[in-house]
Amino acid sequence: MKNYQDGGEAIVEAFRNLGIKYVISSPGSEWSPVWEALARQKHEKNHGPDYIQCWHEALAVAMATGYTWITGQAQAVLVHAGVGLLQGAMGIRCAMQAEVPMLVMSGESITLGADPGLDIEPQWYGGVSPGGADKLVAPFVKWASHVPSAPTLYQCVIRAGEMAQRAPQGPIYLDVPLEHMLEDWEPAGALRPVPPAPRTQAALAELEALAADIAAAKNPVIVTDHSGRDAAAFPALVAFAEAAAIPVIGGRGTSYANFPTDHELWQGIDAYGHLADADLVILVGGRTPWYPPKQRPSPGRIVAIGDHPHKEWLIYQDLHADAYLEGDIAATLAALTPMLQAGIDANAKAARRAKWAGESAKAMNALQGERDAAAAEGGLGPASIAAAMHAVMPAETIYVDETITHFPPLRKHLPMTAPQTLFRHTGGALGQGLGLALGVKLAAPERPVVLFIGDGGLLYNPVLPAFGASREHNLPIIVVVMNNGHYKAMRQGHVHHYPDGMVAATELTMGIEIQGPDYEQLGSHFGISGVRAETYGAFKAALENALQETSGGATVIINAILPD
């Protein structure tokens, strides 16, 4: 057996030194050098990345995103030429918007059979080679390029992985010619593991200025959208808020668990009424927190904290910030907290905490009342479904959401008392929920994972490939289909813009009705059970059973029938 040392080995060695755990792939024929290197690694029992095979490129990208949500570490996604790359393009773009680091690679032939000394398969000559696939994805990745030669292959992969992890984090794309991978590779000197990206923080003078603002403020308020994208920012925000008894509000863009929902400083999501008389608003991880954007949310001073507050991919953005502290959120909050502990009057702090604890109790009791009433009524909706989650699911459960109209009420009610208990993709791109949940489960196999997904959104997903991956890679999740039989967002938009038009005067609608399948049966070919639930009692019982079944290794689908 010949022991090849070529570009395939260079790529796998780069993955090892980048600390990449998984090569997640919907495979293409250009990757035979990498398959050879991975097979040799397994045969010789060497350390290195594991291989996860997917039946669809969108699934591969979504699983990589979900895994990185939990671990913070970029993974490698290998797809085929230009066609496979474009199949995964939506997920890659969403990864850029969510600032998820990822290394995406595809290949092609550059000799196309014209080199008599190199026998290249004929499919490349005829359109499979895109002639530089980096141009296809350059608009929606952090950086895209091609590997210029075999000697530069290893360092190109290393550089791409390092760039992905730097702020702003995001996907990096490399076009890797097959010919470069087939050439012999000789390491240029001793290879070493790549150091992790450093955590940055704002300058000391900027930190001191904000600490002074907080000490002088009578009514400071924290607003957070996506600080919980980093698990370390969750306890850091708690310590920061407690140091000065500052209440915390979840912004309109809340897509992560940012602050414990059972903490007495927590005021709930969208509780913007508290900003009316705030003299200092501290925006921690904000993307588009105010709507309409032209309307300043408070007469007070606004200070934004984040490593990348200005999102270049947004067509418009107005944070109304009077100052910025740019740097890693967790590191910046950790540096600020000790500055507050000595600078805040103890009596004022105690009085402020008591005030906001009372406000929190009122808000949380009101939400509890909504859940109790919805459960008692016996029907299904966001409040009653959340009531079942509170009653059945353990505190460490991870909730992944891919709904549209149900998410705003649902997230107000979900129990998020620990880091990394909620994830939702930004950008409004449906079709990734199953892969995201599977990637989360891959990274956190000991924790229950619940996916909320609309019936319309589920139909955009690669359902068969996802259930195949769940079975093949032992990734059991609970899939809750929020089934109202409609694209409800379409109807809302129609009525909003034409309140006295055809939709009000007739029963004629376009793009709204969904004549969907029996969703609970979609996993039957993969040993995945499902149940249809139309009442709170039936749903709660199904959830209890699903928790048991997933603990035993089986995915479960609950088709939750919701009113129109």
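The values are calculated or read from the model by the stated rules, or taken from the named source; none is laboratory data. Since the model is a prediction, treat every value here as computed from it, not as a measurement. Cβ: placed from backbone, ideal geometry, glycine included. Neighbour counts: every protein chain shown.
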Going through (1) at pLDDT 95 or above; (2) more than 15 Å from Asp213 (Cβ to Cβ); (3) of a type outside the set (Phe, Trp, Tyr) one by one, Ala342 fails only at (1)
Picked from region 49-79 (must be surrounded by fewer than 22 Cβ atoms within 10 Å (Cβ to Cβ) and touching a strand residue (DSSP E or B) at 6+ places or on another chain (Cβ under 9 Å)), the residue nearest to Lys441 (Cα to Cα) is Ile70
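Among the residues of region 416-433, write down those that are among the hydrophobic types (A, V, I, L, M, F, W, C), modelled with pLDDT of 90 or more and under 14 Å from Gly456 (Cβ atoms).
We begin by selecting, within region 416-433, every residue among the hydrophobic types (A, V, I, L, M, F, W, C); these are 416, 418, 422-423, 429-430.
Of the ones still in play, those that are also modelled with pLDDT of 90 or more are 416, 418, 422-423, 430.
Result: Leu430, single match.
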Any residue at all in region 482-501 that's within 29 Å of Ile92 (Cα to Cα) and surrounded by 23 or more Cβ atoms within 10 Å (Cβ to Cβ)?
yes
Just one listed residue, out of Ala383, Ala374, Ala354, Ala330, is buried (at least 19 other Cβ atoms within 10 Å of the Cβ), without any contact (Cβ under 8 Å) to a residue 40 or more places away in the chain, on the phi < 0 side of the Ramachandran plot and not in a loop (DSSP other than H, G, I, E, B), and it is Ala383
Every listed condition ((1) crowded, with 19+ Cβ neighbours inside 10 Å; (2) more than 22 Å from the chain's Cα centre (by Cα)) holds for Asp322 save (1)
Within region 535-564, the residues that are out of contact with any Gly (no Cβ under 8 Å at 6 or more places or on another chain), surrounded by fewer than 17 Cβ atoms within 10 Å (Cβ to Cβ) and either of a type in the set (Phe, Trp, Tyr) or assigned to a loop (DSSP other than H, G, I, E, B) (or both) are Gly552, Gly553
Quick count over region 270-296, residues being touching a residue at least 40 places away in the same chain (Cβ under 8 Å), buried (at least 21 other Cβ atoms within 10 Å of the Cβ) and either acidic (Asp, Glu) or more than 11 Å from Ile222 (Cβ to Cβ) (or both), is 2
For Leu191, the lone unmet condition from (1) closer than 30 Å to Pro33 by Cα; (2) in a strand (DSSP E or B); (3) of a type outside the set (Ser, Thr, Tyr) is (2)
**OP:** State whether the residues of region 529-537 include one that is under 22 Å from Leu475 (Cα atoms) and aliphatic (A, V, I, L, M).
**Re:** yes
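Residue by residue through region 466-496, note down the ones that are modelled with pLDDT under 85 and not basic (Lys, Arg).
Across region 466-496, the qualifying residues are Gly485, His486, Tyr487, Ala489, Met490, Gln492, Gly493, His494, Val495, His496.
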Pairing a residue in region 528-553 that is free of Cβ contacts under 8 Å to residues at least 40 places away in the same chain with any residue that is surrounded by 18 or more Cβ atoms within 10 Å (Cβ to Cβ) and acidic (Asp, Glu), where Cβ atoms lie under 9 Å and the two sit 6 or more apart in sequence or on different chains, gives Ser529/Glu520; Gly530/Glu520; Val531/Glu520; Arg532/Glu520
Item to check | Yes/no for Arg447 being in contact with a Phe, Trp or Tyr (Cβ under 6 Å, 6 or more places away or on another chain), under 26 Å from Thr65 (Cβ atoms) and in the same structural domain as Met393 (by TED's automatic domain parsing) | outcome: no
